[in-house]
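Asks: The structure that follows is given in the form of structure tokens.
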Amino acid sequence: MPQPLVRVTRRLHFNAAHRLYRPDWTDERNAEVFGPCANPHWHGHNYEIEVTVEGTINPETGYVMDLGDLKDRVNESVIDQVDHRNLNVEVPWLEGLNPTTENFVVAIWTRLEPLLPSGVRLARLVLWETPRNYVEYEGELAPSSS
Ligand code: NI
């Protein structure tokens, strides 16, 4: 008998500083492309992340996954390492990455995905950089163009 596949989501908050820039570009070019996010003296964002996992409902608990357990895993593997940090210089798993929200969400996916318990899969991440701007990622890869 096929079981319902249900998605559950936990929303978490953190603050972090960053600078968007390419070292091989002039300050003028970086400012033109990245705007205020290219400020050489850093700046911060209040990030929100929504972590969605998908699975069947455990008949014993009625849960897909305990959201407290999900929160703990996301805190340990991601939030504790980026909260109140500088994303350009303090986070080893972001090293060498221009910390746009796009690059950041994919790095979080790569880090989090293997740390989930069996029986659920990471279905979606939504990363808010401001109350108006967010990116989402569901683990998909673009078809190869070659
Ligand atoms: Ni910024």
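Asks: Could you tell me whether any residue of the stretch 63-81 is free of Cβ contacts under 8 Å to residues at least 24 places away in the same chain, open to solvent by less than 70 Å² (accessible area, probe 1.4 Å) and over 27 Å from GLU113 (Cβ atoms)?
Replies: no
Asks: Continuing with this model, one more query. So, in the stretch 9-41, of the ones that are part of a loop (DSSP other than H, G, I, E, B) and hydrophobic (A, V, I, L, M, F, W, C), which residue ends up farthest from GLU129 (Cα to Cα)? Even if it seems obvious, please write down each step before you answer.
Replies: So the first thing to find is which residues in the stretch 9-41 are part of a loop (DSSP other than H, G, I, E, B), and the list is 19-26, 39-41.
Pick out the ones that are also hydrophobic (A, V, I, L, M, F, W, C) and you get 20, 25.
On the way: LEU20: 13, TRP25: 24 Å.
The selected residue is TRP25.
Asks: Which of (1) open to solvent by less than 80 Å² (accessible area, probe 1.4 Å); (2) of a type outside the set (Phe, Trp, Tyr); (3) modelled with pLDDT of 95 or more does ASN39 not meet, given it meets every other one?
Replies: Status for ASN39: all satisfied but (3).
Asks: Restricting to the stretch 82-99, name every residue that is of a type in the set (S, T, N, Q) and not in a strand (DSSP E or B).
Replies: Of all residues in the stretch 82-99, those of a type in the set (S, T, N, Q) come to 86, 88, 98.
Once the filter is applied, which keeps residues that are of a type in the set (S, T, N, Q) and not in a strand (DSSP E or B), the stretch 82-99 yields ASN88, ASN98.
Asks: Here is a list of conditions, (1) open to solvent by 50 Å² or more (accessible area, probe 1.4 Å); (2) part of a loop (DSSP other than H, G, I, E, B); (3) within 16 Å of the ligand (Cβ to nearest atom); (4) of a type in the set (S, T, N, Q), and ASN46 meets all of them except one; can you say which number that is?
Replies: All conditions pass for ASN46, except number (2).
Asks: Something else: Given the condition aliphatic (A, V, I, L, M), surrounded by fewer than 18 Cβ atoms within 10 Å (Cβ to Cβ), more than 14 Å from the ligand (Cβ to nearest atom) and free of Cβ contacts under 8 Å to residues at least 24 places away in the same chain, answer yes or no: does some residue in the stretch 52-60 qualify? Please lay out each step first, then the result.
Replies: Taking the stretch 52-60 and keeping what is aliphatic (A, V, I, L, M), we get 53, 57.
Those still in the list that are surrounded by fewer than 18 Cβ atoms within 10 Å (Cβ to Cβ) too: 57.
Restricting the remaining residues to those that are more than 14 Å from the ligand (Cβ to nearest atom) gives 57.
Now restrict to residues that are free of Cβ contacts under 8 Å to residues at least 24 places away in the same chain: none.
No: zero hits.
Asks: Let me ask something additional. Tell me whether the stretch 64-75 contains one or more residues that are under 27 Å from GLU140 (Cβ atoms), assigned to a loop (DSSP other than H, G, I, E, B) and modelled with pLDDT under 95.
Replies: No: the stretch 64-75 contains no residue that is under 27 Å from GLU140 (Cβ atoms), assigned to a loop (DSSP other than H, G, I, E, B) and modelled with pLDDT under 95.
Asks: Could you check GLU102 against (1) open to solvent by 40 Å² or more (accessible area, probe 1.4 Å); (2) part of a loop (DSSP other than H, G, I, E, B); (3) at negative phi and say which number it fails?
Replies: Of the numbered conditions (1) open to solvent by 40 Å² or more (accessible area, probe 1.4 Å); (2) part of a loop (DSSP other than H, G, I, E, B); (3) at negative phi, the odd one out for GLU102 is (2).
Asks: Can I ask one more? Of everything in the stretch 112-146, what is in a strand (DSSP E or B), open to solvent by 30 Å² or more (accessible area, probe 1.4 Å) and within 16 Å of the ligand (Cβ to nearest atom)? Give them in sequence order. So that I can check it myself, show each step before the final result.
Replies: Residues of the stretch 112-146 that are in a strand (DSSP E or B), as a first pass: 120-128, 134-137.
Next, from what is left, pick out any that are open to solvent by 30 Å² or more (accessible area, probe 1.4 Å): 121, 124, 128, 134, 136-137.
Residues satisfying the conditions are TRP128, TYR134.
Asks: Next question, about the same structure. Among the residues of the stretch 6-26 satisfying the criterion of being within 16 Å of the ligand (Cβ to nearest atom) and surrounded by fewer than 16 Cβ atoms within 10 Å (Cβ to Cβ), which is farthest from VAL120 (Cα to Cα)?
Replies: So the first thing to find is which residues in the stretch 6-26 are within 16 Å of the ligand (Cβ to nearest atom), and the list is 14-22.
Okay, now just the ones that are also surrounded by fewer than 16 Cβ atoms within 10 Å (Cβ to Cβ), so 15, 22.
Details: ASN15: 28, ARG22: 38 Å.
Out of the qualifying residues, it is ARG22.
The values are calculated or read from the model by the stated rules, or taken from the named source; none is laboratory data. None of these values were measured; they are calculated from a predicted model. Quick reminder, even Gly has a Cβ in these numbers, built from the backbone with ideal geometry, and neighbours come from all protein chains shown. Heavy atoms of the whole protein, side chains included, go into the accessibility calculation; ligands, DNA and RNA do not. Shrake-Rupley method; radii C 1.70, N 1.55, O 1.52, S 1.80 Å.
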